[in-house]
Every structure is written in C-alpha cells, then in structure tokens.
Amino acid sequence: MIEAELKARVHHPEGVLQALESRAAGRAEVYQDTYYDTPDRRLAAQDRELRVRTVHGPDDTRSVLTYKTARVDEASGSKPEHETHISNPEAVHTMLRDLGYLQAIAFEKRCRNFTFTAHGRPMLATLVRVPEIEGTFLEIETQAQDEDELPASLDAVRTVMTELGLTDTDFTTEQYTDAVRQYRAR
C-alpha cells in the first residue's frame, strides 16, 4: 500500500475545523512519535523511516510500528507504508535499540482526526499542531494499491483540500522531523 497524502499549512484553522466537522465527527488524539535510524543514518539517507507511534485518545491508547520506504512521488512525498499494531511498545523500543537502531528523534503531535468518504475513497483528515513548530497543518490521506493508482488517489485528496479552502500555495512537503530538528538546533 502507498499512503497517498498531502499536507498543507492552515492559515484559518477555525474555518477548516468547521468544514471538517460538517463531514464527520472529529476525535482528539496525541501522538508520541519516536523515529529510529542506524548509527550511520542509512535509513534517512535512503529516504526510509522506522517509527514507533503511541496514540493517546479519549477512550484508549494504542501503538503502531511503521516502516516507510523511499518516496514514489516527489511532489507529494507519498511513500509505501508497512504498519502493524503492537501491544507492548516498550518491548519494541528495547528490541530496536538492541538490534542497533538509535533514536533519531522523538516528538509529540496534537491531532484532531476525521474519517470520512469522499470521491469514492476512504479519507483520513488530520489537523495537526506540533508544539515545537509554529502553525497548524492539515494532512489528508487515502490509500493507493500501487503506483499506477497513486495519481488518482492524490487527485481525490487534492480535491478535498480544495473543497476545504486550501490552495496550491498552502501545500508543503516539509517533514515534521526536519522542522523539529531545526527548532531544537536554535
């Protein structure tokens, strides 16, 4: 599966929030993301990611191990994604460290998630605030079965973004990991 995703800076979060709430009920969640890499930063050099995410929601806490391969679409940053739920994140953190992986970066994302169907596709829209980064972001994603389906998937996501009032000048491929690193380097 390829995560067909677009991200944008939101200049009017209240308006986008209202538009999303007209489509679906939102749920507030806090993500604790920890990214791992080899000591020589081989994963980053090859545009790959290895992440443990723990999601704290109003009713539960769940964790996911995610591996993303290199981008298959430079304009959007979309990557093939392999993900599995984990019941004991501390054990996975220990395993990764014992296998030689180092924590590359860890940070928190404060999210409001909306799940809905648009243009015949299941969508996940997430309003995001990262305490160390100024502003609010909107991520919208759907799944593409393969690279042939990716353009149509991204077109559907872009259409939803436009319906929510975002324009091409709002889109960004900046990664949160890079922005948090820059903030911490100041």
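Taking into account only those residues within the stretch 150-186 that are surrounded by 16 or more Cβ atoms within 10 Å (Cβ to Cβ) and charged (D, E, K, R), which is farthest from LEU124 (Cα to Cα)?
By that ranking, first place goes to ASP170.
Please tell me if GLY77 is loosely packed, with under 15 Cβ neighbours inside 10 Å and either out of contact with any helix residue (DSSP H, G or I) (no Cβ under 8 Å at 6 or more places or on another chain) or not polar (S, T, N, Q) (or both).
Spelling it out, it is not the case that GLY77 is loosely packed, with under 15 Cβ neighbours inside 10 Å and either out of contact with any helix residue (DSSP H, G or I) (no Cβ under 8 Å at 6 or more places or on another chain) or not polar (S, T, N, Q) (or both).
Can you name every residue in the stretch 23-76 that is more than 17 Å from GLU139 (Cα to Cα) and among the hydroxyl-bearing types (Ser, Thr, Tyr)?
Scanning the stretch 23-76 gives THR34, TYR35, TYR36, THR38, THR54, THR61, SER63, THR66, TYR67, THR69.
Six or more apart or on different chains, Cβ atoms under 7 Å: show the pairs whose first residue is in the stretch 169-186 and without any contact (Cβ under 8 Å) to a residue 40 or more places away in the chain and whose second is surrounded by 13 or more Cβ atoms within 10 Å (Cβ to Cβ).
Qualifying pairs under 7 Å: none.
For the stretch 84-104, check the following and say yes or no: at least one residue is in contact with a helix residue (DSSP H, G or I) (Cβ under 6 Å, 6 or more places away or on another chain) and of a type outside the set (Val, Ile, Thr).
no
Tell me yes or no: at least one residue of the stretch 124-142 is modelled with pLDDT of 95 or more, among the basic types (Lys, Arg), surrounded by 13 or more Cβ atoms within 10 Å (Cβ to Cβ) and farther than 26 Å from ARG42 by Cα.
Yes, the stretch 124-142 has at least one match.
Got a sec? Which of ALA156, ALA118, ALA106 is among the hydrophobic types (A, V, I, L, M, F, W, C), at pLDDT 95 or above and within 16 Å of the chain's Cα centre (by Cα)?
Answer to the check: ALA106.
Using the structure shown, decide if GLU21 is under 14 Å from the mean Cα position of the chain (by Cα) and at pLDDT 95 or above.
In short, no.
The values are calculated or read from the model by the stated rules, or taken from the named source; none is laboratory data. On a predicted model such as this, the values are computed, not experimentally measured, just so you know. Neighbour counts run over all protein chains shown; Cβ positions are idealised from the backbone, glycine included.
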